[in-house]
Amino acid sequence: MTQRQVLQVFEQYQRARTQFVQAVAELADRPQSIESLQNAGVMSLLRPLLVDVVPTIQQTAALALGRLANYSNDLAEAVVKGNILPQLLCSLSEQNRFYKKAAAFVLRAVGKHSPQLAQEVVHCGALEMLVICLEDFDPGVKEAACWALGCIARHNSELSQAVVDAGAIPLLVLCIQEPEIALKRIAASTLSDISKHSPELAQTVVDAGAIAHLAQMILNPDAKLKRQVLSALCQIGKHSVDLAVLVAEAEIFPVVLTCLKDSDEYVKKNGATLIREIAKHSPELSELIVNAGGVAAMIDCIGSCRGSVRLPGIMMLGYVAAHSETLAMAVIVSKGIPPLCACLLEELEDHIKAAAAWALEQVGKHTPEHARAVAVANVLPTLLATYMDPSSSADLQLKAKKALKSILQKCTHLPALEPLLHDAPPTVMKYIIEQFSKVLPHDSKARRLFVTTGGLKKVQEIKAEPGSLLQEYINTINNCYPEEIVRYYSPGYPEMLLERVENYHPASET
């Protein structure tokens, strides 16, 4: 056999390996082929190809494994059990950029499924290799490494801490400063995934100088980048007053308010969530937002969108209003009550309605003036109907009842309370009657109106337990009127009068 014939055998072997691994990589990208590949023992056949002498075969084998692991938790576990991860990493630092990207894809595909699988990726020493990849010259390698680190960090604080301990944070902050938009996006997303778990992890991101760079990108025209930037700032600021102050001091106001008008729904939602997370911490931070025009901008945002996009905005208005009478009045003056009431009427999801009920409570609970503003917007009948609706969830009913109670206990605007007398159940009625018992003794016009509109008659029809608070309130109301008036409007009194007429014998008959 000549040398040429010998070489031909090796060339055929190489061609066969190349064709095999390319075909498997293509099949692994089709869900309908996955089971057949698994049954054929594809993992054990791909593993030795990771150390093949031909670089393209190595890269394609890694790509195929990544696609398989990405498909399901079971296949990702098969990659781990097949001892493939150490094989993948053994010569990573010496490999070219194509192999590095493919290897990082495998690590990401395994780590994304569960904390247990992510821990397996950490155990095999992948974090150190991924951090080295963050320093690579090629932006695509950096991007793949960022993505893998994010998939590991997002599960829990322990895995995030492992990413921090591997030295990833300073390099991720450098990545968000790179010119490539895709790299900026995924680096910001990874910083968000690390920051979300605890104040300590968020502080490590802050200490690396991330806030200033993230804040500068709020106005970037790329919607996907803005989503991640807003999310990262939100995850940093949500943990404590101090962290929220640091985010606010990066001069994100009023710049971030432009996001509430963005055409991208996720930018809008993430912007609203960021503002909510800052507003919740303190009256001072809420005041900063109000002074920047944040309340009016959020009210416009709630009015212009539907569904879950509304939720952070509703919550933000509630947090602002909860802090003080002044801040609640800012929500009222900015015409925030009608959109919140509209959310109760329009939304299909009970948790969004519950948030609206809670926010309305925060606005109306402070003083009679606040309660009146809520009442005249016809909110009380809507809350009552929501509370009494059998299809409302238990949480929604609870929030609606609590809102009714808080607002009613401050409301002295009787015309808004009177319609409720005819529909309210006993659990709510006592709060309505209590307010009438407070106001009527001191207001002669209200007493007269209470009779002519049928309120006094309705009160006489209420059956209260003797000695109960409700009975005390009814007695207080009745004591505001002459005894004969009360008797006249008591149930059965007209029949009794008619009976007396029938039984009356004039003097002329005798």
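Computed from the coordinates by the stated procedures, all read-outs in this text should not be read as laboratory data. This is a predicted model, so every value here is computed, not measured. When we count neighbours, we look across all protein chains shown, and the Cβ atoms used for this are built from the backbone with ideal geometry, even at glycine.
Some values worked out for this structure:
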{"item": "Computed FRET value (nearest 0.05) for residue 304 with residue 442, which takes r as the C-beta separation and R₀ as 45 Å", "result": "0.55"}
{"item": "Loop-located trypsin sites (Lys or Arg not before Pro) in region 299-365 whose Cβ has at most 15 other Cβ within 10 Å (DSSP)", "result": "306, 335"}
{"item": "Filter on 353/445; 365/457; 112/238; 269/335; 184/335; 224/401 - keep pairs with C-alpha separation over 31 Å", "result": "353/445; 184/335; 224/401"}
{"item": "Region 184-225 and region 149-163: distance between their alpha carbon centers, rounded to Å", "result": "15 Å"}
{"item": "Average Cα contact separation per residue, region 78-157, under 8 Å, 6 or more apart, as relative contact order %", "result": "34 percent"}
{"item": "Label point distance in nm, residue 156-residue 376, each placed 7 Å from Cα along Cα→Cβ", "result": "5.5 nm"}
{"item": "Residue 393-residue 335 pseudo-label distance in nm [points 7 Å out on the Cα-to-Cβ vector]", "result": "3.1 nm"}
{"item": "At R0 = 35 Å, FRET efficiency that the Cβ-Cβ distance of residue 242 and residue 39 yields, to 0.05", "result": "0.05"}
{"item": "Whole-Å distance, taken between Cα centres, linking region 67-116 and region 379-429", "result": "57 Å"}
{"item": "Per-q log10 I(q)/I(0), region 170-271, q = 0.17, 0.20 Å⁻¹ (Debye; single scatterer per alpha-carbon; no solvent)", "result": "-0.67, -0.94"}
{"item": "Pairwise Cα inverse-distance average, inverted: Kirkwood Rh of region 274-375 (Å)", "result": "13.0 Å"}
{"item": "Potential extension, residue 29-residue 490 segment - 0.36 nm per residue separation minus Cα distance", "result": "158.0 nm"}
{"item": "Kyte-Doolittle mean at least -1.0 and Cα axial length at least 30 Å: DSSP H helices in the chain", "result": "3-27"}
{"item": "Pair residue 94, residue 345: separation of 7 Å Cα→Cβ label points (nm)", "result": "7.3 nm"}
{"item": "Given charges at beta-carbon only (K, R positive; D, E negative), |dipole| of region 1-155 in Debye", "result": "200 debye"}
{"item": "Equivalent ellipsoid, region 412-498 (semi-axes from 5 times Cα gyration tensor eigenvalues, Å)", "result": "19, 16, 13"}
{"item": "Translational diffusion coefficient (Stokes-Einstein; Kirkwood radius from C-alpha pairs) of region 1-93 at 20 °C, 1.002 mPa s, in µm²/s", "result": "154 µm²/s"}
{"item": "Pairwise FRET efficiency - residue 116 versus residue 15, Cβ, R0 = 41 Å, nearest 0.05", "result": "0.55"}
{"item": "Largest-first principal axis extents of the Cα set of region 290-446 (Å)", "result": "45, 38, 21"}
